[in-house]
Amino acid sequence: MIDKRKIFCLDIGGTMIKYGLASLEGNLLAVNSMPNKILHGGVEAFMEQILEVLEDCQMRGEIIEGIAVGTAGIVEENTGKILLIGDNFPGYSGYPLGEKLRELTGLPVTVGNDVNVAALGEYFVGAGKGTKLMVMMTIGTGVGSAIIFDGKLIVGRHGATGEVGYYILSDGSKLDNVGSTRGLVHCWVGMTGERLEELNGKIIIDRIKTGDVQAIKALEKTMDYLAQGMVRLAKTVDPDCFVLGGGIMESSDVVLPYLKKALEQQNAPEVFTNLDIRPAILGNKAGMYGAVRYFLEERK
């Protein structure tokens, strides 16, 4: 007999919301996505679309045992309240997401930061499997990180452990702004004057593959900034490995040699003598896997 009991899972980003179902054993069974309405419709429209897809699952006969959420923003671990997030989530800072979902659905709910839950996914079934102390960093619009020790997220008093994007680097820059894919694009624009809206990280990576000198210089500078952040974090927690995710790491064969060269030039060779740096392998499903794992651990 087919088990109809499922966990409804969400991975909430500023542009898209991924949603799906998982088994009670943590296996991801289905993943879909939809544009996030929060930017133009606010929190109410955002909540309505989540409840609609949940109700659709229930109408198809699925028995939903709980809701597992990974979301952008700093999250209060015990309550699932969104403590802080950027301007592209109007009304979301301070929003009691976990409480609202419990109230509206009557189901148990867990809410975790998106980078944290993606790290859990990579730790248990992805690139970090088999390690004890793992740091995951995501390189995207900004730079995020999460620390897992012995299978447990280290979240801190305010849920803000690993917020490396706020690091202020040697020239006064913030890591979020310069060590990210956004930083790579802005660096390129500063050098070439090319129009920003026509660019993304993939275009620059493709130019690097053809030997474009300015694109290479932009990546070198971006990786130097990222290396500064990694050195600080490595000196603090001394992990077994770094797992690196984000869209730019889909071209890890191009990016990692420049990052490793930048790390070698930092004044911390002892930290990186045997450091294991791995590209993430779960792609855009890492957050879903991790949100479910977080739910299952919290429900024990």
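The values are calculated or read from the model by the stated rules, or taken from the named source; none is laboratory data. These figures come from a predicted structure and were not determined experimentally. Glycine gets a Cβ as well: all are built from the backbone with ideal geometry, and neighbour counts include every protein chain shown. Note: accessible area is taken over every heavy atom of the protein model, side chains too, but ligands, DNA and RNA are not part of it. Shrake-Rupley method; radii C 1.70, N 1.55, O 1.52, S 1.80 Å.
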Item to check | Residues located in the range 195-251, provided they are in contact with a Ser or Thr (Cβ under 6 Å, 6 or more places away or on another chain), under 27 Å from THR161 (Cα atoms) and of a type in the set (A, V, I, L, M, F, W, C) | outcome: CYS241, ILE248
Item to check | Filtered residues of the range 120-140 (kept if in contact with a Ser or Thr (Cβ under 9 Å, 6 or more places away or on another chain) and surrounded by fewer than 23 Cβ atoms within 10 Å (Cβ to Cβ)) | outcome: GLY140
Checklist outcome for this item: Checked against (1) out of contact with any helix residue (DSSP H, G or I) (no Cβ under 7 Å at 6 or more places or on another chain); (2) open to solvent by less than 20 Å² (accessible area, probe 1.4 Å); (3) not in a strand (DSSP E or B), VAL75 satisfies every condition except (3)
Checklist entry - If you scan the range 80-103, which residues turn out to be open to solvent by 40 Å² or more (accessible area, probe 1.4 Å), among the hydrophobic types (A, V, I, L, M, F, W, C) and under 26 Å from ASN27 (Cα atoms)? => result none
Next on the checklist: Of everything in the range 3-25, what is open to solvent by 30 Å² or more (accessible area, probe 1.4 Å) and under 13 Å from ILE50 (Cα atoms)? Give them in sequence order.
Outcome noted: MET16, LYS18, TYR19
Checklist outcome for this item: Exception for TYR294 within (1) outside any helix (DSSP H, G or I); (2) in contact (Cβ under 8 Å) with a residue 24 or more places away in the chain falls at (1)
Checklist entry - Since VAL69 meets every condition but one in (1) open to solvent by less than 70 Å² (accessible area, probe 1.4 Å); (2) outside any strand (DSSP E or B); (3) under 24 Å from GLY140 (Cα atoms), which condition does it not meet? => result (2)
Next on the checklist: Consider the range 191-239. How many of its residues are free of Cβ contacts under 8 Å to residues at least 60 places away in the same chain and touching a strand residue (DSSP E or B) at 6+ places or on another chain (Cβ under 6 Å)?
Outcome noted: 0
Next on the checklist: I'd like to check something: does the range 164-171 contain any residue that is surrounded by 14 or more Cβ atoms within 10 Å (Cβ to Cβ), out of contact with any strand residue (DSSP E or B) (no Cβ under 6 Å at 6 or more places or on another chain) and either aromatic (Phe, Trp, Tyr) or over 30 Å from LEU24 (Cα atoms) (or both)?
Outcome noted: yes
Checklist outcome for this item: Reported set for the range 90-103 where residues are part of a loop (DSSP other than H, G, I, E, B), more than 18 Å from the chain's Cα centre (by Cα) and closer than 20 Å to CYS9 by Cα is TYR95, PRO96
Checklist entry - Which one of these is farther than 30 Å from ALA68 by Cα, open to solvent by less than 50 Å² (accessible area, probe 1.4 Å) and modelled with pLDDT under 85: LEU256, LEU226, LEU275? => result LEU275
Checklist entry - Which residues, counting only those in the range 144-163, are at pLDDT 90 or above and surrounded by 15 or more Cβ atoms within 10 Å (Cβ to Cβ)? => result SER145, ALA146, ILE147, ILE148, PHE149
Next on the checklist: Of all residues being open to solvent by less than 20 Å² (accessible area, probe 1.4 Å) and of a type in the set (S, T, N, Q) in the range 26-59, which is farthest from GLY287 (Cα to Cα)? Just the residue, please.
Outcome noted: GLN49
Item to check | Qualifying residue in the range 51-64 (condition: closer than 26 Å to THR181 by Cα and among the small types (Gly, Ala, Ser)) | outcome: no
Checklist entry - Can you name the residue in the range 42-89 that is within 11 Å of PHE8 (Cβ to Cβ) and charged (D, E, K, R) and, of all such residues, is modelled with the lowest pLDDT? => result GLU62
